[in-house]
Every structure is written in C-alpha cells, then in structure tokens.
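Notes follow the structure.
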Amino acid sequence: MKLTSILLQFVLPVVATAIAAASSAPDVHAIAQAVDERYNHLRSLQAEFTEIYRGAGMERTESGILWLKKPGKMRWEYRSPREKLFLSDGRDAWFYVPGERQVRRTAMKKLEDLRSPLAFLLGKTKLEKELLGLSFAPDVAPLTPGDVVLRGVPKSLAERVSQVLLEITPEHWISRIIIEEVDGSVTEYRFTNQRENVVVADQRFQFVAPDGVEVIGGEWGP
C-alpha cells in the first residue's frame, strides 16, 4: 500500500499536468477562426514579400511590396531582381514588365494564378471552408519559433495544387504560404512588416497602359 501511495504521489501530478497542457493547447479550429478574425476586419494591408519558386530544375527568388484592399484589390510590385507588376482592380488582373511592348489582362473570375486567392483575403477569409482537411503540419518546421504550420487542400485549385502550408504567428498573421503543385513545383511566399489599414488610393490598383504598349488577353506563367 505504501508503494502504491508513493507511485500515486508521483504519477497523478504528471497525468494532471499532461491533461492541463493538452486542454490549453490551441486547436486548429481556434487558430483558423483567429486568423479569419484578424484579416476580415482589415480595410487594407501592406507587406513586404519574398517569392521563391522551385520547379522544372530551376529556383527563382523575387521580392517586393504587396498591397491588398477591400473589395478584391491587390498590387504585387516586384522590385528585385527585376521590376514587374501584377495587380487587380477586383474585376481584371494585369501583368506587366516595364519596358516590354505588351501587357496581359485577364478577368479575375477566369484567373488561375496562385496569387489570385489573396485578393479576397480581406473580408472573406474562411480558412476551414477554403482549405479542405485543414490540420496541423508537425512535420514542417516553422521559420520562426513559436509559429504554427497548418496544411490543407484549396478547393478552388484542387486540380492543380496538392497542398498548401500556412505558417501562422502567435498574433495570427499569415507569415508564410507554401503551395505545392501536382507537377512537383513549389511556390513559397514569405511576408514581413505587415501593416494594417494603411491609406492606399484605389488608383494604385488600376492599370493604364503606357503609350505603344499592346493589351493582350490570356494566362501567364508562375
């Protein structure tokens, strides 16, 4: 009996601590709701981004500034290593490389670009609805200690994308997105210096073709 009592004195606190830790650990549903809450109340967002593409035996790293604004507006201003512009006014998307003689325009509803879902991040975020099978990704290490990584399959791009990984900060910002496509290519976006509700004019999301630049329709590559 004495041995049993001694064991219980040691075992019970350990079990209680484990149960308490498990009950206090955040669950996927709570994290997803907190992320939804974070972005759905924003009117605009500015962030620095790094885009890393790996596929077809190559790797490419680009960086720049991203602006998002309700409803459905976005501006990806690439600054390194080459300037280029990808923007949407909520209806059409435009892709232009300064100095070239053509600019591509595509209706947003027909656009299958991997960046297009971010246009609706503000005001319409519902991670559990948009990402099927949303769950923790314990096998993927976060870039920043304290962040958590979630995985899921995007409903809108399920035929093209095998999974999406989201790194979430303790403040419920999305700091990294990794998109793994069915062909084996991987596109990674890292976001830093995120600023909420910045003043940005609607004109920043409108494209006016320079003189002599032809507007053509169609999709473009990654």
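Just to confirm a number: summing +1 for Lys and Arg and -1 for Asp and Glu over residues other than Ser185 whose beta-carbon lies under 12 angstrom from that of Ser185, what do you get? Each step should come with its number before you reach the end.
Values: positive: Arg54, Arg60, Arg160; negative: Glu59, Glu180, Glu181, Asp183, Glu188.
Neighbour charge sum, excluding Ser185 itself: -2.
Ordering Arg160, Arg75 from largest to smallest accessible area (1.4 angstrom probe), what's the sequence?
Arg160, Arg75
Label point 7 Å out from Val140 along Cα-to-Cβ: which residues of the stretch 188-213 have amide N under 17 Å?
The answer is 188-192.
Quick one: Cα convex hull volume of the stretch 147-188, Å³ per residue?
59
Cα-Cα over 25 Å: which of Lys73/Lys126; Lys109/Lys129; Lys70/Lys155? It would help to have the intermediate numbers written out before the result.
Numbers: Lys73/Lys126 18 Å; Lys109/Lys129 19 Å; Lys70/Lys155 22 Å.
Correct reply: none exceed it.
Rg and Dmax of the stretch 168-221 over Cα atoms: what are they, in angstrom?
17.3, 49
Count neighbours as other Cβ atoms within 10 Å of each site's Cβ, and list the chymotrypsin sites (Phe, Trp or Tyr not before Pro) in the stretch 120-222 that are DSSP loop with at most 14 such neighbours. Spell out each step's value before the answer.
Values: sites: Phe120, Phe136, Trp173, Tyr189, Phe191, Phe205, Phe207, Trp220; in loops: Trp173, Phe207, Trp220.
Filter output for the stretch 120-222: Trp220.
Run the simple label-point estimate for Arg82 and Glu59 please: 7 Å along Cα→C-beta, distance reported in nm.
Between Arg82 and Glu59, the simple spin-label model gives 2.0 nm.
Limiting things to C-alpha atoms, what are the Rg and the maximum Cα-Cα separation (Dmax) for the stretch 42-113, in angstroms?
Final numbers for Rg and Dmax: 13.2, 40 Å.
The values are calculated or read from the model by the stated rules, or taken from the named source; none is laboratory data. As the structure is a computational prediction, the values presented were derived from the model and not from experiment. Every residue, glycine among them, receives a Cβ derived from its backbone with ideal geometry; neighbour counts consider all protein chains shown. These accessible areas exclude ligands, DNA and RNA; they are computed on the full protein's heavy atoms, side chains included. Shrake-Rupley method; radii C 1.70, N 1.55, O 1.52, S 1.80 Å.
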